[in-house]
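Note sheet for the following structure.
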Amino acid sequence: MHTQKMMAGKVAVVTGGGRGIGRAIALGMAAEGAAVVVVDIGASLAGSGQDAGPAQEVVAEIEAMGGEALASTLSIVEPANGERIVAAAVERFGRLDAVVNNAGILRDTMFHKMSYVDWTDVIQVHLMGSFLLSRAAGTQFREQNGGAYVHMTSTSGLIGNFGQANYMAAKMGIVGLSRAIALDMQRYNVRSNCIAPFAWSRMTSSLPTETEEQRQRVKRFQQMTPEKIAPLAVWLASDKAIDVSGQIFGVRNNELYLFSQPRPIRSVQISDGWTPELVASVAKGAFAAGLTPLERSSDVFTWDPV
């Protein structure tokens, strides 16, 4: 029995598609029948330099599988480039069905030492880049009356991490952006979801390996290959997820997660209204058990990936 491929006849754009998670998703999309625009400027992890190689190599891999692909080395932080990438996809393949916002850089520094440039560069690539390409694709999706966005967020943002104020702010910004797109574009049958991926890639290769415990942690991380992220991304981009939008998912090795989203968990009310003193004496105690501890991602995901 021949089952049709999940992305047959569809066209996907994947940013940061030349390496790591982006590459795995681009190949995963192609394996399920999509034509893929692989967008990657080929920069270092910190965002410097340029190399047409990675995007071109992934295109060659897809073509070797018998698929169709197109490489783009346009920078997603240039406002006009989102339009150009979408135009290239439509010109070459006739339509656009999915956008995967995966490109990112890291500039880890403790908040009290973070420079303006380290802040803005990270926000530019993750948040501005995601907005600009999404916005450009939005026009096409609206005209087609359909489309899907998959944005990469991170448990660094959702939960927390040291030395990543820029990255955390960008990744939480992406959650808000995704939710807004889901709400605004629902009437055009356009969906938008986030994935928080755990994977061994250039982004996690800087994890410390000084102690035996750290070495074991890195070893566990190395099992979490970028390829583990692709199935969820492909499903979210496909018509099989037609009724799923505005959600946050996670992948860790062979585990899939659905994350909660902020909702009120406790309330307290005083008929005569509050004074600062009453907040201190009444509200603080009422809320105490519900306060979220200052945890990092590793404090929440305490068990080994399975």
Could you pull out every residue, at least 5 positions away or on a different chain, whose amide H is within less than 5 Å of the one on THR225? Hs are placed 1.01 Å off N in the peptide plane, and Pro or chain starts have none.
-> TRP200
Would you compute, from DSSP H runs of 4+ residues alone, the mean residue ellipticity of the chain at 222 nm, taking -39500 (n - 2.57) per run and dividing by the full residue count, rounded to the nearest 500?
-> -11500 deg cm²/dmol
Which ³J(HN,Hα) values in Hz, rounded to whole numbers, follow from the phi angles of the stretch 62-74 under the Karplus curve 6.51 cos²θ - 1.76 cosθ + 1.60, where θ = phi - 60° and Gly and Pro get x?
-> 5, 5, 5, 7, x, x, 10, 7, 9, 9, 9, 10, 6
State in Å² the accessible area per residue of the chain; use a 1.4 Å probe, count heavy atoms of protein chains only, and round to the nearest integer.
-> 51 Å²
The stretch 58-117, Cα convex hull volume normalised per residue, Å³ = 123 Å³
Please report, in Å, the Rg and the Dmax of the chain, where both are computed over Cα atoms only.
-> 20.7, 72
Under the Karplus relation with 6.51, -1.76 and 1.60 and θ = phi - 60°, whole-Hz ³J(HN,Hα) for the stretch 209-222, x at Gly and Pro, equal 10, 7, 9, 4, 4, 5, 5, 5, 4, 5, 4, 5, 4, 5
For the chain, give the percent of accessible area contributed by carbon and sulfur heavy atoms, probe 1.4 Å, rounded to a whole number.
-> 54 percent
Using θ = phi - 60° and the Karplus relation 6.51 cos²θ - 1.76 cosθ + 1.60, list the HN-Hα couplings for the stretch 287-295 in order, rounded to whole Hz, with x at every Gly or Pro.
-> 8, 3, 5, x, 5, 7, x, 6, 9
Probe 1.4 Å, all protein chains present, accessible-area order of ASP243, ASP121, ASP272, ASP299, largest first = ASP272, ASP243, ASP299, ASP121
Candidates per chymotrypsin sites (Phe, Trp or Tyr not before Pro) in the stretch 239-306, loop by DSSP, up to 13 other Cβ within 10 Å | TRP274, TRP303
So which lysines pass the test for LYS113, namely a Cα distance under 23 Å, with those fewer than 8 places away in the same chain ruled out?
-> LYS171
Per the Cα gyration tensor, the stretch 5-146 corresponds to an equivalent ellipsoid with semi-axes, largest first in Å, of 27, 17, 12
Tell me which residues come under 5 Å, amide H to amide H, from ARG191 once H is placed; ignore anything under 5 positions away on its chain.
-> GLY147, ALA148, TYR149
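The values are calculated or read from the model by the stated rules, or taken from the named source; none is laboratory data. Owing to the predicted nature of the structure, the values given are computational and were not obtained by experimental measurement. In this analysis, Cβ positions are derived from the backbone assuming ideal geometry, glycine residues included, and neighbour counts consider all displayed protein chains. Keep in mind that these areas ignore ligands, DNA and RNA; they rest on the heavy atoms of the full protein, side chains included. Shrake-Rupley method; radii C 1.70, N 1.55, O 1.52, S 1.80 Å.
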